[in-house]
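The structure appears right after this line, and notes come after that.
What follows draws every value from the coordinates through simple rules; no lab data is involved. Keep in mind that what you see is a predicted model, and the values were worked out from it rather than measured. Heads up, the Cβs are rebuilt from the backbone with ideal geometry, glycines too, and the neighbour counts pull from every protein chain shown.
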Amino acid sequence: MEFHAWQILGAVGLILVIAEIFIPGFVLFPIGLAALVTATVSVWLEDWRAVLAVLAAVEIATFFLFRHFFPRRPSQDTGVEGMIGKECEVIARIAGKTAGYVKLFGDEWAAQSEKGETFEVGSRVVITRLEGNRVWVRAV
């Protein structure tokens, strides 16, 4: 039994597209799609080198199209790590070494000035570090 290029590429493409359902990451789908597109074109091609050249070209085009239409989202720090560098509002005066309070993401946090500065209620500050349940802040 002799297999043609379009049959092999079609089967591989279909397997990869279906496998994407079970394997997260959005990696197999573009490769499978490129194989399926190449399978349809390879019906008219006899030489394997031409089929591989078309596959390479379609794969590169698919790669750039998917990067353009489905860009990666930057990872978001969650929990405590996500607080550092965030701007927040002072809700209770921070004076020198005396702690006050800031509000971030709807939560109130005990805050102390990094350099001993005084911040009045309504001031905007940036969280620089966290120790226990206290944040350290500096001026924006």
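Structure values in brief
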quantity	calculated
Per DSSP, loop chymotrypsin sites (Phe, Trp or Tyr not before Pro) in the stretch 9-106 with at most 11 further Cβ within 10 Å	F26, F105
In sequence order, calculated HN-Hα J values of the stretch 64-71 (Karplus, 6.51, -1.76, 1.60; Hz; x Gly/Pro)	5, 5, 5, 5, 6, 8, 10, x
Spherically averaged projected area of the stretch 5-69 from its Cα convex hull (nm²)	4.1 nm²
Point-to-point label distance, E2-R67, nm (Cα→Cβ direction, 7 Å offset)	4.0 nm
Hydrodynamic radius (Kirkwood) for the chain, which is based on Cα pairs only, to one decimal in Å	19.4 Å
For the stretch 79-139, alpha-carbon Rg over 2.2 N^0.38 Å	0.93
Angle between the chain longest axis and helix 28-41 axis [Cα atoms, degrees, rounded to 10]	30 degrees
Sum of -39500 (n - 2.57) over DSSP H runs of 4+, divided by residues of the chain (222 nm, nearest 500)	-13000 deg cm²/dmol
Whole-Hz ³J(HN,Hα) from phi, Karplus 6.51 cos²θ - 1.76 cosθ + 1.60, for the stretch 52-63, glycine and proline x	5, 5, 5, 4, 4, 5, 5, 5, 5, 4, 5, 4
